[in-house]
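Inspection log for the structure reproduced underneath, given as structure tokens.
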Amino acid sequence: MNSFDLWFFRSYVSDSAEILGVCHRHVLSILDDVAIGLFFGVLLPFYVYHQNIIGIGSITNVGYFSLYLWVVYLFLMYRVFDWYNDVWIITGDSIVDLDWSFFRKRAQHIGYEDVGSIDVVEGGLLDMLFSRADIVIRTQSEWVEFTLSDASRPKEIVEIIQTAASSVASHEAPPEPEPFEKLVEVLEGVVREHLQGRVSEDDTQAHEARERALSRPGTIDLRDME
């Protein structure tokens with residue numbers, strides 16, 4: 001994770017959360033779009049215009065053609081920015097699934113306690129050679145799937161998530177006792193209270209018997225002779 005990613009995606013997480021990693025889609029995912037856009041959107045139209053094929057150069061103003069090239073350029077930059085913002089932000093508390101577009105921005109938080117399974121799906125030999133795969137997270141509560149398609153370095157991403165999830169699990173409260181253990185604790189408390197009450201009752205009875213004996217005529221209290 002570079003320092004620019006750390007600064008750029010800081011606003012999508014809380015101030016107290018530590019960013020452990022920012023997981024992007026593989027660069028080949030955007031290179032395909034850029035290469036196709038440059039060839040069919042720039043190079044081929046420029047060649048047709050420059051060579052005046054079917055009279056395009058003579059009927060098209062230079063200003064309009066330049067405007068067309070700017071539109072293509074802005075579209076390609078939008079695709080690059082869209083690719084860069086389609087990420088998973090892994091923090092010490094949760095995973096943020098960021099889905100960005102020009103008209104909306106959605107950031108969904110996935111708690112580690114709700115992660116049911118993590119699957120890595122490779123498309124073939126090229127994916128293995130270029131370290132690219134789809135990562136799918138399934139939640140336990142509603143069995144919802146979150147997918148980062150064409151993820152770069154998927155094994156590293158899974159290791160970061162598993163390490164963070166293990167750290168969170170180790171700091172969780174200890175599990176509640178089993179029903180049998182609860183029953184034993186309740187019975188121990190009842191027996192303890194009963195014994196304490198019985199001792200108190202015996203002391204009371206002994207004190208009353210002693211007082212009755214001392215109240216009889218002619219009874220001498222030896223405690224007064226000490």
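The values are calculated or read from the model by the stated rules, or taken from the named source; none is laboratory data. Keep in mind that this is a model prediction, so the values were computed, not measured. Heads up, the Cβs are rebuilt from the backbone with ideal geometry, glycines too, and the neighbour counts pull from every protein chain shown.
State whether the residues of the range 89-103 include one that is closer than 30 Å to ILE137 by Cβ and free of Cβ contacts under 8 Å to residues at least 12 places away in the same chain. There is at least one residue in the range 89-103 that is closer than 30 Å to ILE137 by Cβ and free of Cβ contacts under 8 Å to residues at least 12 places away in the same chain.
Here VAL96 qualifies as surrounded by 12 or more Cβ atoms within 10 Å (Cβ to Cβ), at pLDDT 90 or above and part of a strand (DSSP E or B). Restricting attention to the range 155-180, the residues that are over 16 Å from the mean Cα position of the chain (by Cα) and either surrounded by 10 or more Cβ atoms within 10 Å (Cβ to Cβ) or at pLDDT 80 or above (or both) add up to 2. When the range 70-90 is filtered for residues that are closer than 25 Å to ILE161 by Cα and in contact with a Gly (Cβ under 7 Å, 6 or more places away or on another chain), only ILE90 remains.
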